[in-house]
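The structure under discussion appears below in the form of structure tokens.
A short reminder: the numbers here are calculations on the coordinates, not readings from a lab. Everything quoted here is computed from the prediction, not taken from an experiment. Here the Cβ positions follow ideal geometry from the backbone for every residue, glycine too, while neighbour counts run over all protein chains shown.
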Amino acid sequence: MSATALPQISTRRRLTDKVMRGSLLAGTLIALIPLILIIYYLIHKGLSAWAMSGFFTTDPTGSFFGSPGGIRSAILGSLEIVALATLISIPIGIGVALYLTEFGKDSWFANTVRYFVDVMTGVPSIMFGLFIYIVLVIGRFGGSGFAAWKGAVAISLLMLPIVIRSAEVVLLLVPSSLREAALALGAPRWRVVFKVVLPTSASGLVTGSLLAIARGMGETAPLLFTVSTAFALTFSLNQQMNTMPFLIYTDITSPRAAIQTIAWGTALTLVAIVLILNLLARFVASRSRMA
Amino acid sequence: MEASATTVTGGRSVLERSPIGRLPDRVLKWGLSALAALILILIVYFFIRLIGQSGHVFSTYGLNFVFGNNWDVQANIYHGGALLFGTIVTSVIALILGVPVAVAGAIYINELCPRRLRNPLTILVDLLAAVPSVVYGLWGVFVLAPRLLPAEKWFASTFSFIPWIGGGIPQLYNYFIAGLILAIMILPIVSAISREVIATVPSEHKEAALALGATRWEMIRMAVLPYSRPGITGGAMLGMGRAVGETIAVVLVIGSAPKIGTHLFAQGYTLAAVIANEFGEATGIHTSALFAAGLVLFVLTLIVNMIARWFITRGSHGTRGTGATGMTIASGPANEK
Amino acid sequence: MNPPDTTKEQTDMSTAGGPSPDRPEVAPQAPKAADAKKTGHAVNVKDLNAYYGNQHAIKNVTIEFPANEVTALIGPSGSGKSTVVRCINRMHEEIPGARAEGCVTLDELDIYAPNVDVTAVRRLIGMVFQKPNPFPTMSIFDNVAAGLRLTGTKSSDLKALVHSSLQSVGLWDEVKDRLNEPGIGLSGGQQQRLCIARTVAIEPEVILMDEPASALDPISTLKIEELVDELKERYTIVIVTHNMQQAARVANSTVFMLDGEVIEHDETNKMFTNPSDERTERYVTGKFG
């Protein structure tokens, strides 16, 4: 009897829908604004620091008058300390992850370890600095107070949970059929691990490691309590050493405009390195056979 | 052949490996187990040493250390209530400002945005996590704080009737700026977790809503948000954990005043910031007080993170977070999936 | 020799005013009761083509679904039955990369017309899904009221409407004492009836059912089928099923589809006892699918 007419969707509903969708888009854009602003200022102010003579090739002079110098010792110091931290945390981290996936599996011990690793990911970075301070610096372990290697240990602790968790995820992706095939051929456990599991998951492990390294490069708080700083270039790991994050931290509070500019330049350098590491990680991940 | 088919010299069956042959496997297993145990030992050991270094302070001040309000370096008195206050206030500001933006972004990316924009937007939001905290501090000091000061002054005078929020005289470095920077810093992690949780909403519930004639927003409101609420809450708590522990960015923009600020734009202090600032010149009981502050901070982050984890595992409705969620939680700021 | 899309078109039973468009009269149907009393709404699908990206899933499908009748869609998996149904309430386009072309009308209304609000279409054409999907965070009451709340029904009216919906699906007595409990706490069969109650609460004109009983036990299935039989008094029903006995039990007429095309569309009895197309015959006798 009735011809069908489409019911009217109330204007209120239509309006609400439009408004809410607009708000969600607005929220997304708001989230991007800080990123854009930070990148803008980094480039804007950092490039003028990069243009300063000797920025990359000289060390900071530390003097209040005259040339402020460059940041060479900071760059090399950062690289050195993070390299050492990497040497410590990557093998240990992958080792623990291997234990969890190959041996511990679902045992109460393995699950407890997993839980503690989870806990470690939430620990603020300053805590790692405090820990190493208490354990290594106070007692002047190794004959030195603040020392570069102690900073490396603190940073490796920070990187460790990241490496473990990402490695575990990647190792779990190795199909158990591969392991079983190797075992069925009579290979001992250790062979399976080194010849099958690790090679298959290699690119995923590299990706996770690169991201952990990127994180390690940017941390300041652990360095405050373990390495402190120095101006001159040094390669000795048992002494204080300059690092980029520390340099930025101290330069921010300097009254000299030139030094503030150097802070921006250092920040741009640091961010550039971190971004390159991130891009590298993405690149490796995209070429992974298991992506 | 005299020996039976299954034995060789020495009484070993051909099926057994020699003890030497078994060695590498054993070494591997026990070596890796030791490494794993190392993790447990480290954390426990840290607790013990930290308590050792700060126990003195707790025996002197008792709970006043945590809740009393008198941090006076000159007089060598250390009641850290103002620090706890600042830590919590800045984190709450970070949550209020950051979580809605992060969740809005997560909903938009998952439910509303055109497919080809999804990946680029995700990468951009996650990129915020790659910025080191000292760079946030740098930007906060030279860009954000000075530029927002006029607006803060306007806000404080316009809304002076709201207690604590308005009515004061805004300082250059204050709770608000610290909270705002923290909000930006926690965006990536809250967004990443929210995105994952929202992506797990079964399409059958979304279809049920749409089939009833719901608009897109109504569908999100009926089917997506209620389902995702526990997971998003967990993500927000993880963000709070991050905010509570953040040191460098905060110490540069909070103003370092160990008092309970009387308004939003007053100078303040946090547990992490005081440690970073006063450490260099502290001695004796001052140093112990800083360690004690570290202990309080540690316990606070542990509690917040435990609550977060509980929400997230509830929110993934039974799936263990070793998948992508695990990766996100584990990798913290600098990692994108 | 039957051309691939031998569609049997039925006399338009819509009582919308105005002349019905030209349609060739085809094979006579079994007599229907009281044509003059029909107040229902018919759906006409004409030359429908649907795609998932580049995959051509539905090819030139034309079907008439008469008012107040149950029409079943049968066919092997992948034949496109669900896709056809999803094109009727425009759920098909929710899938990324999916699109539909052709003409679908509800009575005289072209639901694919450019100005049509898709949410309004779905108000009129409801859907019940294969897997019961009550909203997990809502109580039984809230589930049934969900659609009503969308359209701004006053909360004072909600109780009565929820009551009558639950009664019409035979669920009232079973849940009247626990309306505030979560909807997912019910058994599978109850959940599905809850979903049907949720659908009928907003008084659609057509109800689409995509294998509504395939996830349920035999007893619940029977209850659903009885329900379908009652519901057709008030609604036009399209039911997708892979169970031919089910089609025989509930459907007035049946459409057999294969590879995205309509092979045969006839009164149910005739299709199962004396199908015209040999492919239909092979399917209903179980030789494939």
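Using every pair of alpha-carbon atoms in the stretch B:64-331, split the distances into 10 Å bins beginning at 0 and state the percent of pairs per bin, rounded to integers. Pairs per bin, as whole percents: 7, 27, 30, 23, 11, 3, 1. With a Förster radius of 41 Å applied to the C-beta separation of A:THR57 and A:SER286, the computed FRET efficiency comes to 0.70. When both the stretch B:126-171 and the stretch A:1-54 are represented by their alpha-carbon centers, they are found 21 Å apart. If you sort the three axes of the alpha carbon gyration tensor as a ≥ b ≥ c, you get a/c of 1.5 or more for chain A and a/b no higher than b/c, which makes it oblate. For chain B, the Cβ-based charge dipole about the Cα centre amounts to some 620 debye (Lys, Arg positive; Asp, Glu negative; other atoms uncharged). Only helices enter the 222 nm calculation for the protein assembly as shown: every DSSP H run of n ≥ 4 contributes -39,500 (n - 2.57), and dividing by all residues gives -18000 deg cm²/dmol, rounded to 500.
Protection proxy ranking, highest mean first, for peptides B:233-244, A:14-25: B:233-244, A:14-25, where packing is the per-residue count of other beta-carbon atoms within 10 Å, averaged.
Considering only DSSP beta bridges where both residues belong to the stretch C:37-284, give the percentage that are antiparallel (nearest 5). Of the beta bridges lying entirely in the stretch C:37-284, close to 60 percent run antiparallel. When you restrict to C-alpha pairs under 8 Å that are six or more residues apart and normalise by the size of chain B, the relative contact order lands at 24 percent.
Setting aside same-chain residues fewer than 8 positions from C:LYS287, which aspartates and glutamates have a Cα under 12 Å from its Cα? Partners found: C:GLU278.
For A:ALA272 and B:LEU172, the FRET efficiency from 1/(1 + (r/R0)^6), where r spans their Cβ atoms and R0 equals 51 Å, is about 0.95. Within 10 Å of the Cβ of each residue in A:217-229, the mean number of Cβ atoms contributed by other protein chains is 4.
Dimensions of the stretch A:75-245 based on its C-alpha atoms, expressed as ranges along the principal axes with the largest first, amount to 58, 31, 25 Å. Any chance you could tell me what percent of the C-alpha pair distances in the protein assembly as shown go past 44 Å? Value for the protein assembly as shown: 46 percent of Cα pairs lie more than 44 Å apart.
One Cα centroid belongs to the stretch B:90-115, the other to the stretch A:251-269; the line between them spans 33 Å. In this label model, C:ASP47 and C:ASP110 are separated by 1.1 nm, measuring between points 7 Å along each Cα→Cβ vector. Each label point was placed 7 Å from the Cα along the Cα-to-Cβ direction; for B:ARG116 and C:GLN55 their separation is 2.3 nm. Taking every alpha-carbon pair under 8 Å whose residues sit at least 6 apart, chain A reaches a relative contact order of 26 percent. Residue by residue along C:119-127, Cβ atoms of other protein chains within 10 Å of the local Cβ number 6 on average. The mean number of partner chain beta-carbon atoms within 10 angstrom of a residue's beta-carbon across peptide A:160-169 is 5.
Taking a sphere under 14 Å around the Cβ of C:VAL228 and counting the other residues whose Cβ falls inside, with K and R at +1 and D and E at -1, yields a net charge of -3. The residues packed around B:TYR78, meaning those with a beta-carbon under 13 Å from its beta-carbon, carry a net charge of -2 if Lys and Arg are +1 and Asp and Glu are -1.
Each Cα pair under 8 Å and six or more residues apart adds its separation to the average, and for the stretch C:37-284 the resulting relative contact order is 28 percent. For the modelled label position 7 Å from the Cα of A:PHE64 along Cα-to-Cβ, which residues of the stretch A:238-259 have backbone nitrogen atoms closer than 12 Å? Correct set: A:255-256.
For a modelled paramagnetic label at A:SER10, 7 Å from Cα along Cα-to-Cβ, the residues of the stretch C:134-170 in reach, with backbone nitrogen under 11 Å, are C:149-155.
The ellipsoid that matches the Cα gyration tensor of chain C has semi-axes, each √(5λ) in whole angstrom, of 31, 21, 19, with the longest given first. Modelled this way, with points 7 Å down the Cα-to-C-beta line, the labels at B:VAL299 and A:ASN111 are 2.8 nm from one another.
Each part reduced to its alpha carbon centroid, the stretch B:60-86 and the stretch B:174-228 end up 40 Å apart.
If you plug the beta carbon distance of A:ILE43 and A:SER236 into 1/(1 + (r/R0)^6) with R0 = 30 Å, you get a FRET efficiency near 0.30. Secondary structure note: in the protein assembly as shown, about 65% of the DSSP beta bridges are antiparallel.
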